[in-house]
Structure formats: structure tokens, C-alpha cells
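Peer 1: Got a structure for you, written out below as C-alpha cells; questions coming shortly.
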Amino acid sequence: MQGPIGRFWLIWLTALFALGLAVPAAAAVPLKACLTKLDPAASNAESLVRETASYDCTSKQTNFGSGDFAVQLRFAPLTSSPDDPLVFSHSSVWQGWQRVIFHYVDGTTTAVEFSSAEAAKFIVIGSTFQIEVPPRAALLDAIHVETRGSANWRGVLLGPQLLKRSEAAKHNSLLIALYAGFAGLSLALLAYNLALWRALRHRFQLYYCIMLAALAVYTFTSSGAAMLAMPWMDNNDRLRINYLLLIPAGVAALRFMIDYFGRDIFSNGLRRAIDWLSVLMIADSVAFAIFAPWFGSWLDGIYFWAGTVMLGLVFPLLYQAWRARAQHFWFFVLAWTAPIIASLFRAGHAMGLVEYNFWLDNGNLIALSIESLLSTVLIVARLRGLSVERDQARAGERSALRLANSDPLTGLLNRRSFIALAVARVQPHRLLLIDLDHFKAINDKLGHDTGDDVLRRVAKTIQMIRPSDSLAVRLGGEEFALLIPMSRISECPPEMVLEAVRRCEMPLDWRVTVSLGHAEGRVDSDEAWRRLYRLADSALYRAKSDGRDRACRATDFTEIAAA
């Protein structure tokens, strides 16, 4: 996420944030809602426009429970001109039917009504209903809203306001740009992270993609865009879908958090609590989608109380990650602070602790954009850390393998690894067995430390002169060996080995020589290897018998030919 790509994401996020700040700039007239409950059998609701005594303007709307309601909105008289008429706007809630009656100072009224199935005619991006006020010569002085089948889980009429059509159009355009920007960001991040997951297959990547996909689809439905794309959709069905989509996003977010930091750092009790709560919320959301509005109040209450508890579990998760000194902890907190705060406010509104406002429905867009982008940066950082850990592990494995296969004093291959590598070769080779002359005298006169130094210098000399595809080994004690392909023997004749050791600078200017025996043959089986070794060993014995500091070749031509 550095360089041009990182700057691109930063510019995109900055643009979204700027759009978010600009959205609520419309000069709207907020309206005070006064509420009364209707008799289900009442039919002459227009008469309630002229009545004020039965309306309650102070109690919380949710105190009235579900049912049929009349809402009265009174304000200083306003003009709805034909050139730029007024628009009545309010947030979408669960209801079966609504009628809006506009009252003018001359006593005349006009009405607009629609059912939940017809709500797409009036819904706009941001999940609000916007109904144009018919222009009249007389001033508009009141609005009466009659609603049937209101669930009233958050309120009967939320966020009512009046604004001019030009202001509403500007407001809507900014919201469309904001949601389109979030949609583009979500799709880009989803494609990017799915590609990473397909390549690397880390579980936290999959949970992040599930979370991002669920949030993207949830935004599509909760914003009202789904009804604009599918005008046949019932608004209450859209709300059912919202309940179904938000839970997978929350569950995937917690799973992402656990697997991102590492499951081992979290307690079993906390992980089990998240598992059971996830099952409860999924079951509750499915039940709500099937049965609402029946048992809707209970199911909605369980949904948001369980959701609040799930949100609260983020804090012990963060605490345990902090205690474990998890990598990227503070950057994770930075990325998740905005959506956590937005979710807390939404939970507070669901429990009646926070009044409704524009940002409750739309502010989470900015929060989710921040979280989605920064979480992708977190994923990249985590993947880089995993890559470093993997490289270190591989380097450790290679180092351990070298230690297991090499002689600790000289660094050459040890006997076991040498034989394992030698027998795997199929082409003919020359085997040179090299033994230091009078090495016991070196240890006795100069000490074992000096003797070890001599062995290291001889080993280094052998390494320097051997062909690249040959094998060099310390067979044990003062005995070394070289296995050279026949195609490369001209590069390292036995006399070169003898001369190189003679010329090697030794401790205390001690003169060191070696005796060498060599033979040629195949090493493609254990039997062939043992035969070749026996021939070279016989030649070495003859070199020592003939006076040392010399090379002898095996002369048993019959056995060589058989090899």
C-alpha cells in the first residue's frame, strides 16, 4: 500500500470524507413531530389535522408501541412555489401504509399515500422518503402523516424536515456520490483482497473479504439503492434483508480480528462466547426475516442487545491482543475506532439512548470506508510479516540442514550426508581419499587446538580447488575425500591437491603434506560405492607405504572394469 497505489487509496478516502462533510449542508427546516395513536377502525384521519389536544409532543415515540398513528407537524407558514417547490423528507421505517396530508392556511388539503410495496416511488439514496409538496397560492402551515402497521421499534416518524427541491437535489447528488465512492472502494478492495487470498490462503483474508462483501451488499440495501434498482421490492422486505446482512459482517469482523492477531493469544472462554453469540444472532436475524412483524419487538430487541454485547466483546479482544503485544495493534485500533464509535451510537439509538440524526443512517459510510481501507493496509502489513517469518523459518531450516549434513569443525559434508548424495549419482566418478601425514605428531607436539586449525585449513584448501559439482567430505579424523565427475577430473588432478596442501600456510609454519589414493567407477548403488571406496582406500594405503606425500591410483583393473 505504498507508492502510487497507496496515494490512490488515500486520495479516494479523502474525497469520500470531503463528500461526507458536504452532504448535510442542505438548508432544511427540521420539524417537531407530535404523535397520537389511532383507533384501527378510524377512517376520517383528516379531522385530526384540526385537533391538537390529543397529540403528544414530548414523549418518546417508542413509548406508544406498535400500531396505527397520526403524526402532526406544525410550523411557521411556508411557500411551496412552482419554480422550486418544497419537499417533505423523513427516514424510512417499518410500516405497512402511509398517507401524507399537506394543510394550507386557507384550510385546503392535498394527500399522497403509498404502501410498503409502493415505497420505491418516493425513496431516495440515504433510505429516506421525499414527497414533493404540491404548490398552492396559499401558504403551507401543517403536515399530517397517517401511518398504518407501524412497528415503532425506533420511532413512527424519524427525521422529518422540509427543504426546497433544488436543495434536496443537491443533497441527493452528494449522497449518491458518497455511496458510489464507497461502492467503488468496496469493490476495488474486495477484488484486491480476494486475489491476495486466492494466492496466499490465510484465513483472516477470507474473513475480511466476507466482512467487506456483506457490508457492501448491506450498504446497497440499507441506502435504498436496492429499491431504485428493483422498484418492485417491498420496503419492509428490504429491512428484513438489512437484518440478515449485518450479522455476517459483524461475525466476520470478529473472526478476522481473532485470526489476524492469532487465535492462541485469545482465551478459550472469550472465543466460545463469540461462537455462541454468533449463533444466537444468526438465528435471531433469520427468525426476524421470517416472522416480522410478528414477535418483531422481541426479535428486534434481542438483535440489538446481542449486537451490543458482540460489539462489547471487541474490547476484551483488544485488551488480550495488547497484553500479548500483538503486531500492528495500535494501527488496528486506529482503523477500527471509527466504525466502533459509529456502531456504539447506532446501538445507543436502538436502545433509546441517542436521538435520531442524519449521521446515524449515513455516517457509518465514512467510518466503514476508513476501516476498510486501513484494514487492507493492515492485511498487507501482516502478510509482509508472515513473509518475513516464513523466510526466516526457511533460512533456519536450511541452516539446520547444513548443520545436520556438515562436519562442525571444517564445514565440509559429513560421512552420512556425503554417502547419501554420492550414491544418488549415476555417471562415472573419480574418488580421491586424502589423509594427512603424521597428524598424530602434530597433535602431540603442537596441541589439539592447533591440530584442529590444521584440519580447517586443509578443508578450506580442498574446497578452493574442487570443481563446483563435486563433493568434498571429512570422513573422520584426518581423512578427507573428493568425489569428482569424470567429465571434470582434468580440473582437479591428484597432483594439484598435493601441491595445494604443501603450499597452504599452516600454524607455526609447520609443513603439512597428505597422501592420496584414487580410483574411478560408478556410484549408482551401495555395492558400487563400496567397491569404489575399497579401491581408493587400497591406493591410499599404498601411497602411505611408499613414503607418503604422494598420490597412487588403484591398479586392480579387473575390479575397476567390473565396477
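Peer 1: Mind checking whether some residue in segment 201-217 is assigned to a helix (DSSP H, G or I), without any contact (Cβ under 8 Å) to a residue 60 or more places away in the chain and closer than 22 Å to residue 120 by Cβ?
Peer 2: yes
Peer 1: Would segment 425-445 turn up any residue that is within 52 Å of the chain's Cα centre (by Cα) and either in a helix (DSSP H, G or I) or surrounded by 15 or more Cβ atoms within 10 Å (Cβ to Cβ) (or both)?
Peer 2: For segment 425-445, residues within 52 Å of the chain's Cα centre (by Cα) and either in a helix (DSSP H, G or I) or surrounded by 15 or more Cβ atoms within 10 Å (Cβ to Cβ) (or both): present.
Peer 1: With the condition kept exactly as written, say whether any residue in segment 224-236 is modelled with pLDDT of 90 or more, closer than 30 Å to residue 68 by Cβ, touching a Leu at 6+ places or on another chain (Cβ under 7 Å) and crowded, with 21+ Cβ neighbours inside 10 Å.
Peer 2: For segment 224-236, residues modelled with pLDDT of 90 or more, closer than 30 Å to residue 68 by Cβ, touching a Leu at 6+ places or on another chain (Cβ under 7 Å) and crowded, with 21+ Cβ neighbours inside 10 Å: absent.
Peer 1: Further question on the same structure: Taking the condition of being surrounded by fewer than 18 Cβ atoms within 10 Å (Cβ to Cβ), more than 20 Å from residue 296 (Cβ to Cβ) and among the aromatic types (Phe, Trp, Tyr), how many residues in segment 59-103 meet it?
Peer 2: 1
Peer 1: Another question, if that's okay. Between a residue in segment 162-173 that is in the same structural domain as residue 76 (by TED's automatic domain parsing) and any residue that is aromatic (Phe, Trp, Tyr) and surrounded by fewer than 17 Cβ atoms within 10 Å (Cβ to Cβ), which pairs come within a Cβ distance under 8 Å, given they are 6 or more apart or on different chains?
Peer 2: If the second residue must be aromatic (Phe, Trp, Tyr) and surrounded by fewer than 17 Cβ atoms within 10 Å (Cβ to Cβ), the pairs left are 162/75.
Peer 1: Ok, one more. Would segment 484-491 turn up any residue that is under 23 Å from residue 440 (Cβ atoms) and either more than 60 Å from the chain's Cα centre (by Cα) or of a type outside the set (Phe, Trp, Tyr) (or both)?
Peer 2: No - not one qualifying residue is present in segment 484-491.
Peer 1: Which residues, taken from segment 107-142, are crowded, with 19+ Cβ neighbours inside 10 Å and β-branched (Val, Ile, Thr)?
Peer 2: Selection gives 123, 124, 125, 128, 131, 133.
Peer 1: Right, here's the next one. Take segment 477-531 and flag every residue that is of a type outside the set (A, V, I, L, M), in a helix (DSSP H, G or I) and touching a residue at least 60 places away in the same chain (Cβ under 8 Å).
Peer 2: Across segment 477-531, the qualifying residues are 487, 494, 507, 526, 529.
Peer 1: Conditions: (1) out of contact with any helix residue (DSSP H, G or I) (no Cβ under 9 Å at 6 or more places or on another chain); (2) surrounded by fewer than 19 Cβ atoms within 10 Å (Cβ to Cβ); (3) under 18 Å from residue 532 (Cα atoms). Residue 463 meets all but one. Number of the miss?
Peer 2: Just one mismatch for residue 463, condition (3).
Peer 1: Taking the options 441, 420, name whichever one is of a type in the set (A, V, I, L, M), without any contact (Cβ under 8 Å) to a residue 12 or more places away in the chain and farther than 28 Å from residue 522 by Cβ.
Peer 2: Answer to the check: 441.
Peer 1: Now for a separate question. Take segment 446-476 and flag every residue that is within 58 Å of the chain's Cα centre (by Cα) and of a type in the set (A, V, I, L, M).
Peer 2: 454, 455, 458, 459, 462, 464, 465, 471, 472, 473, 475
The values are calculated or read from the model by the stated rules, or taken from the named source; none is laboratory data. All of these numbers come straight from a predicted model, not from anything done at the bench. Cβ: placed from backbone, ideal geometry, glycine included. Neighbour counts: every protein chain shown.
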